[in-house]
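Single-structure report; data block below.
What follows draws every value from the coordinates through simple rules; no lab data is involved. Predicted model, so just to flag it, every value in this text is computed and none were measured. Here Cβ is always computed from backbone atoms with ideal geometry, including for glycine, and neighbour counts include all displayed protein chains.
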Amino acid sequence: MMSNLTYEEIFGRLVKASYQGKLQEEIDSLESSGDEHTRQYVQYALGKGDPDRVVFQVKSCNKRCSEEDHSCEASCLFNAVVRDMEGNVVIQDRNCTHCGECIETCSLDSLVDKKEFIPLVEILQSKEIPVFAMVAPAIIGQFGGDVTMGQLRAALKHLGFYGMIEVALFADVLSLKEALEFDKHVQTDKDFVLTSCCCPIWVGMVKRVYDTLVPHISPSVSPMVACGRGIKRLHPDAKTVFIGPCIAKKAEAKEPDIRDAVDAVLTFHELKQIFEATDIEPSEMEDIPSEHSSTSGRIYARTGGVSKSISDTLNRIRPDKPVKIKSIQANGIKECKTLLNDIMNNEIKANFYEGMGCPGGCVGGPKAIVDVDRGTEFVNKYGAEADALTPADNQHVLELLKQLGIDSVEELLGGESAAIFQRNF
């Protein structure tokens, strides 16, 4: 019986069949020879199910987990995973931050996240619509320490993508905006701002649990959303696909006020499966270099990177500002909760708070391929190789802003053309 296939194995088979033009045959084979769980796996691997949800429960858990092994519940610090009167796992969407921890800890494949790649295959193969891959800064080193960004670009083009854009370039844009926001909102020792806009878990925690702090969230979209909107302004017919280490990005892309930016989200693990299913080896690809981000944008991927990026940028564009950035970082949900509780108790020890939902930052995301320490090393090395330290020194950023109709950096604070980077919480 094929019911022994895991969810990830089923996804890989469907990807391979899609590129071979045999998708329906594979679906029929899996569903006819599998059980009900297999059929549900197939549906979620195809991207079906509630379009606004990310995490789905496939199996009943009441008789499968021992009382000591309710790891999905223990992994959730927001009481989103609970048990009903019969002992079944229930996901309470109102509390869920879509961090994916419950999925990672479930040893029974009962909880899964919906895949979003299969619906793209026909579009990628037809090449009638340009589809851009937007890769997170954490991607460097994930597919091999010697694999360059140019080789990843070539590998993605072999899949059918029109091009690959580094989200780090739009992190550069947001570093400029965040530096200006800090300059505007932090005037005294009692003022403070909450960032990082790049982490949906951190933003979700504040909105759901610490909502009185929402006015302190810097009013910026995430680099992912900025990149998607930027591409769509320059290429109105384009599709945009974000690729990163984070399950929560799938939920962020569906939020009503920003769902115009990103058409699909893939994780690094999913991309690895896709490469394997299509016999693409990034290390064997030609190098197509086109990297334009600064150090500031590249180091967003690790804890402390956002703080350093914005501090360096502020010092570059507002060197005489008397109130300098004094930052505190929290990484991992436990640290983030502790930090936010301290702020709620008026224990204000900084004016710039950076929160990352995963230990180590994005490099520690649940769908990263390499461990957090190696990922951090790759990010730091790649950051050091950039031609510019800050976006203020990055000619590519200034050229990009002009292409988007933004004639000066100051327009990022309120210019009509810069509204694509604004988010009001």
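Taking every DSSP helix (H) stretch of at least 4 residues in the chain, weighting each as -39,500 (n - 2.57) and dividing the sum by the residue count yields a mean residue ellipticity at 222 nm of -12000 deg cm²/dmol.
For a quick check, take a GNM of the chain with Cα springs below 10 Å and name the residue from Asp320, Asp257, Asp407 with the largest mean-square fluctuation. So, out of Asp320, Asp257, Asp407, the one fluctuating most is Asp320.
With everything on Cα atoms, drop me the angle between helix 223-234 and the longest principal axis of the chain, reported from 0 to 90° to the nearest 10. Roughly 90 degrees between the two axes. Computed from the alpha carbon positions, the gyration tensor of segment 270-340 leads to an equivalent ellipsoid with semi-axes of 36, 21, 6 Å, biggest first. Here the chain is treated as a sphere whose radius is the Kirkwood value from Cα pairs; by Stokes-Einstein at 20 °C and 1.002 mPa s it diffuses with a coefficient of 97 µm²/s. The stretch between Val82 and Leu234, if pulled fully straight at 0.36 nm per residue, gains 50.2 nm over its current Cα-Cα span.
Annotation for segment 321-398 versus segment 399-423: alpha-carbon center distance of 24 Å.
For segment 329-336, 3J(HN,Hα) computed residue by residue from phi via the Karplus equation (6.51, -1.76, 1.60; θ = phi - 60°) reads 10, 10, 10, x, 4, 4, 5, 4 Hz, glycine and proline entered as x.
Distances between placed amide hydrogens fall under 5 Å for Ile217 paired with Leu194, all partners being 5 or more residues away or on another chain. The local environment of His37, defined by Cβ-Cβ distances under 10 Å, has a net charge of -1 under the rule Lys, Arg +1 and Asp, Glu -1. Quick one: pull the percentage of alpha-carbon pairs in segment 172-323 with a separation above 20 Å. Percentage above 20 Å: 59.
A simple count of charges around Ser18, restricted to other residues whose Cβ falls under 12 Å of its Cβ and scoring Lys, Arg +1 and Asp, Glu -1, yields +1. Spread over its residues, the convex hull of the C-alpha atoms of segment 49-192 is 218 Å³ per residue. Highest mean packing comes first when the peptides 394-406, 85-97 are listed by Cβ atoms within 10 Å, giving 394-406, 85-97. Our coupling estimate for segment 357-368, obtained by passing each phi through the Karplus curve with A = 6.51, B = -1.76, C = 1.60 and θ = phi - 60°, is x, 10, x, x, x, 4, 5, x, x, x, 10, 6 Hz, Gly and Pro reported as x.
Put simply, the amide H of Met134, placed in the peptide plane, has neighbours under 5 Å in Ile165, Val241, Phe242, Ile243, leaving out anything fewer than 5 places away on its chain.
Based on the alpha-carbon gyration tensor of segment 1-46 and its eigenvalue square roots a ≥ b ≥ c, which shape applies: rounded if a/c is under 1.5, prolate if not and a/b is larger than b/c, or oblate? Since a/c reaches 1.5 and a/b is larger than b/c, the shape of segment 1-46 is classed as prolate.
Within 15 Å, Cβ to Cβ, of Gln187, how many net charges do the neighbouring residues add up to if Lys/Arg are +1 and Asp/Glu are -1?
Around Gln187, the charge tally is +1.
Computed over the chain with a Gaussian network model linking Cα atoms closer than 10 Å, the most mobile of His98, His216, His235 is His235.
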